[in-house]
Amino acid sequence: MNYDAIKKRFIPMSETMLYILLSLKEEKHGYGVMLHVKELTCGRIVLGAGTIYQSLGKLEADGLICPTREIERKKLYLITKIGEQILIEESKRIKEICLNLEAVL
């Protein structure tokens, strides 16, 4: 899939997907991502196993993350360059929203 197609598929990005992708700036397995997202959001977002593994599968299939290794049947993942680019694009979109809100409120 080319970059424009990936961008169209993922932007705008759900908050859940954004936090999963952000968590994978460092190598983690699914449960590690679940804990990291909960920590980052002060418990506001608590991911279930179904959500995390379905999201990881989608991100991997589209090349935004890649498996790095397996430890005791736990697959570890890391964000790819394309995943980082998509995260940057989403960050720009969110910054624009914040600026527009600040101007109005």
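The values are calculated or read from the model by the stated rules, or taken from the named source; none is laboratory data. Remember, it's a predicted structure, so these values are computed and weren't measured experimentally. Note: ideal-geometry Cβ built from the backbone for every residue, glycine included; neighbour counts use all protein chains shown.
Things to note:
To keep it simple, each residue is scored yes or no on (1) surrounded by 13 or more Cβ atoms within 10 Å (Cβ to Cβ); (2) closer than 24 Å to N2 by Cβ.
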residue: L76; (1), (2): yes, no
residue: K81; (1), (2): no, yes
residue: L99; (1), (2): no, no
residue: A103; (1), (2): no, no
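- Total residues in the range 10-24, condition touching a residue at least 40 places away in the same chain (Cβ under 8 Å) and over 17 Å from K92 (Cβ atoms): 1
- Single match in G57, G63, G83 (criterion: at positive phi and among the small types (G, A, S)): G63
- Residues that are aliphatic (A, V, I, L, M) and in contact with a strand residue (DSSP E or B) (Cβ under 7 Å, 6 or more places away or on another chain), drawn from the range 1-39: L21, L24
- Selection count, the range 1-10, where residues are assigned to a helix (DSSP H, G or I) and exposed (fewer than 11 other Cβ atoms within 10 Å of the Cβ): 3
- Leading residue by the ranking (farthest from I6 (Cα to Cα)) among those in the range 53-74 that are touching a helix residue (DSSP H, G or I) at 6+ places or on another chain (Cβ under 8 Å) and hydroxyl-bearing (S, T, Y): Y53
- Wholly enclosed helices (runs of 4 or more DSSP H) of the range 11-105 bearing at least 2 residues in contact with a Pro (Cβ under 8 Å, 6 or more places away or on another chain) and at pLDDT 95 or above: 81-104
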